[in-house]
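Each value in this text was obtained by applying a stated rule to the coordinates, not by laboratory testing. Just so you know, these numbers come straight off a predicted model, no measurement behind them. Glycine also receives a Cβ, built like all others from the backbone with ideal geometry; neighbour counts cover every protein chain displayed.
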Amino acid sequence: MNRHVLLIEDEPNITEAIRFLLTRDGWRVDAHANGADAVEVIRKARPDLVILDVMLPGRSGIEIIRDLRHSPECRDLPVLMLTARGQARDREMAEKAGVSRFMTKPFSNEEVLDAVRDLYERAAGT
Amino acid sequence: MATVNVLIVVSLVYVAFLFAVAFIADRLAATGRSTWLRTPLVYTLSLSIYCTAWTFYGAVGYAARSGLEFVTIYLGPTLVMVGWWWGLRKLVRIGRSQRVTSIADLISSRYGKSNTLAIGVTVLAVLGVTPYIALQLQSITLSFSNFFEGQQVAHYNDTRMVLWVAAGLAIFAILFGTRNLDANERHHGVVTAVAVEAVVKLVALLAVGIFVVWGLAGGVGETLARIDESRIGTWQVDASRWAAITFLSAAAFVTLPRMFQVMVVENDDERHLRTAAWAFPLYMLLISLFVVPIAAVGLELMPEGANPDMFVLTLPLSQGREGLAMLSFLGGFSSATSMVIVAAMALSTMVSNHIVMPIWLSRRGGGASVSGDVRHLVLISRRIAIGVIMALGYFYFELSGGGAALATIGLVSFTGVAQILPALVGGLFWRGATRAGALAGLGTGFALWVYTLLLPGIGGGLVPESLLSQGLFGIGWLRPQALFGIEGLDPTVHAVMWSMALNTAAFCIVSLLSFPGPLERLQGAQFVNVFEHSAGPRGWTGSVAQSEDLMIMSQRIMGAGEAQDFFRREAQMQGVRGNLPEPTPAFLERLERKLAGSVGAATAHAMIGQIVGGSSVSVEDLLAVADESAQLLEYSSRLEAKSAELARTARKLQEANEKLTQISRQKDAFLSQISHELRTPMTSIRAFSEILRDTEGLSAEEKTRYAAIIHDETLRLTRLLNDLLDLSVLENGEVTLNMSTGALRDVLDRAVATALTGVERPLKVNRRRANEGIIVHSDLDRLAQVFINLISNAAKYCDAEKPELSISVHDLNGQVTVDFLDNGSGVPPEARAMVFEKFARVGSDQAGGAGLGLAICREIMHRLGGEVTYLSGQKGGAFRVTLTSAREKVAAQ
């Protein structure tokens, strides 16, 4: 079974790094670089997991997650949030908005892989 | 037979008794339980110091020598008490409301607080009274020596006796006259002692009279017969002398310092005057009742050549009635001591208040505020003054040799102090009276008194005989006893007539010619209309009522709680039950000090004086209050200014605080941005370096590619840091500009070359080099940096298929503009306002700038005195750099 991850990230180099990592881990990786239509893209793609950046052109990651949590089909979708702003306030806001996990850039590759696997397994288990 | 020792012991015991009376009365007055001391009876008796030893002994002598003429001495005061008591009442009311301390004070107060006048009156009074004091000393001494006529007494000597008597009287006066400084200058102890002495002398004289009439003469009828037989019955009445002496004694009754002291200063309640108006004449009637009988019987019984002045004493002695003689001695002693003590007290008050204190204060300089220190000084100066006055009396006695000349001194003194009368009466009833008038009248009267009465009276070596017979400088009409050639008058009548007439004339004429000062006018009105200005007679019946008033006032000033506490503490200290202490001087002083802390010393004094003294507030009080108010106003306006300043400071602080909060918020946002800008390249670097490290079997191509990414991101980081530092330096104004002059063309050449090195997409740059020859004076490196930034932005963000950039230069009157226009879609209108802000990136989906470039450009142009703006209305991206040309720069300098 091919696990599907959707990466919403505007930095091309970071997108490339994550794509490389997850592809090697057996994921099918799609990427999208714009915040404005991200919710539509996610709904359409129906991935197993979303990796979401906060600072996106067009729309912030926080708003995107709020929208996702309000739509029935995406309520339980595991979302890993990545942010370059590591302040406690940002984390609080993200958790309140309903992210499954929050990770501060720069991260170690191992962490990302662990987090992604963990989130997927928990989602699959329930 | 009485011995000297017995007599001295009796005298000392009597003095000790008077001490005790005075002391107890003072204590009672201090604790406020002295209501019985403040009766009309005591007041009336104290007035009897008018009757001195001169009247006690001298009246009999007078009668023996001049018949009924002695009656004039009593007639004057009687006329005043009965016929002029309304005038006395006015005097007393003024004395109370103006807190007058002496007759000199009253005169000076009336004429605009003139100290010159006060000094004049004081000198006149001292000169006039000193002989009188000497007379008292003499009478005591005489009575002593009469007691021992024919006896050989060891170590007895008149002069030594006088010295001791003078010293003793001085001590008594000092002890009771200057114990403390009372606000109203009242001396209850002394007044009570004087009243007791008045009783003693009346009883003594009555006893001797009764003894003479019924014991010696054998009844009233017999006595009258003897009087008819004697010389007294046939004596002629000299109308002019009668009139003159009656007038003199009436005037002296009002103006003598000691009379003024007991009548006005020591007066507790002006209603007492009503009683005294009939009781005092009655007292004088009683005391003069037996004068003629004693004189007549004395003349008959006593040997030829016996001093009729001493009949009161020598008659009982000659009959072997030693007890009666002793009583008579004590009566005379009482008359002398009471007069001397009160006179010394009154004079010392005048001397210290009007001569010593003004000199001391002017010596010390500056406005001296009254403090406890000054009070001490006043007491000391009064004590010394008493000593000096007694010494003067003593020396006068010594100089005049205690001769019979002293007998006429009473009238000389009377004439002297009577000179005050015109100024006094004029001051009370005539608003037109002025200071200059009073001075002129007093001066004239004083000079005439000295010239016509004092000098001829002293006679002897002091005045050359030629002066008396031929007048001053030999001018006939200036003869002292026959002024203007009017001869044949009795010397006393002559002196009284001329001195009083010219005194009054000078007073009136100068008053009419001169103009009163403002303070004089106010005081004049206060004096003349005293009954309108001051409240009705206020009783001293309820001291508790005063305490209540004080309490009400204090509560308003100090606040209820504090005032009640203070009063309760004071009441406890006095041992009084309840919360209201007696208004003792000590308590009033503390209260005044306490109130002064809130309302100022002058105001506190005026307020307490108003309640306790029943005195109206004087002009000086009001002026002092006004001064204090002015100070308070100034103080409060200063406070207001301070408070306004504080409000301003607070507002500034608030503004500063808001600014700081804003800056802090900006700083947070900035840090957050920096964090983001740093973390983003770091993320790529970390991720790819871990990939390179951990991943097996990467192709060489992949490795190169990932290393290149790491390299790029590192460069990005470096750029970011450089930009940040650059911006920080520019914003803080720490940048040093290397100003130089050069052609714009060269700067643009350099910028284009640098910006286009290594760009991925080719950018075509269109220039019109012919226009670029403008010379600019600027930091050319910094200017190039701005250009590079703008060209790189075009290279990066121009989204046209074939990107092109046109650079056009214009010179408009020294304003040089350099426009950078590309053929892309430009900056969206809503983002244009933001492009020059830090970290502002428009639609950047590419890795690259941190969004600091344009912010740096703006700062640089700001430093260089120009600007960089976005040009709206163009199709593509359009930036304009404006700067001044070198030509303009030079012109401007």
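Structural remarks
- Mean per-residue shielding of peptide B:685-695 is 5, counting Cβ atoms of other chains within 10 Å of each Cβ.
- Computed over segment B:770-880, the ratio Rg/Rh where both radii use C-alpha atoms and Rh is Kirkwood: 0.95
- Residues of segment B:758-796 falling in the label zone of B:N738, defined by backbone nitrogen less than 15 Å from a point 7 Å along Cα to beta-carbon, are B:778-786.
- From its DSSP helices (H runs of at least four residues, each -39,500 (n - 2.57)), chain A gives a residue-normalised ellipticity at 222 nm of -14000 deg cm²/dmol.
- Mean-position separation - Cα centroids, segment B:251-308 and segment B:779-843, in angstrom: 124
- C-alpha center-to-center spacing [segment B:678-734, segment B:753-767] in angstrom: 24
- Partners of B:K802 within straight-line reach, counting lysines whose Cα lies under 28 Å from its Cα and excluding those fewer than 8 residues away in the same chain: B:K764, B:K875.
- For chain A, size of Cβ-based charge dipole, Lys and Arg +1, Asp and Glu -1, in debye: 240
- The label-point distance for B:E548 and A:D118, in a model that sets each label 7 Å from Cα toward Cβ, rounds to 9.1 nm.
- Normalised by 2.2 N^0.38 Å, where N is the number of residues, the C-alpha radius of gyration of chain A stands at 0.95.
- Taking every residue in B:674-682 and counting other chain Cβ atoms within 10 Å of its Cβ, the average works out to 5.
- When the C-alpha to C-alpha distance is required to be over 20 Å, the pairs from B:K703/B:K796; B:K113/B:K594; A:K96/B:K667; B:K796/B:K838; A:K44/A:K105; B:K667/B:K796 that qualify are B:K703/B:K796; B:K113/B:K594; A:K96/B:K667; A:K44/A:K105; B:K667/B:K796.
- Take the Cα of B:D694, step 7 Å toward its Cβ, do the same at B:W242, and the gap between the two points is 14.9 nm.
- Dipole magnitude of segment A:60-126 about its Cα centre (Cβ charges: Lys, Arg +1; Asp, Glu -1), debye to nearest 20: 220
- Estimated FRET transfer efficiency (A:Q87, B:D565; beta-carbon r; R0 41 Å; 0.05): 0.10
- Residue-span extension gain [B:A505 to B:Q666] - 0.36 nm each, minus C-alpha spacing: 48.2 nm
- A crude spin-label estimate for the pair B:A167 and A:S60, with each label 7 Å from Cα along the Cβ direction, gives 10.9 nm.
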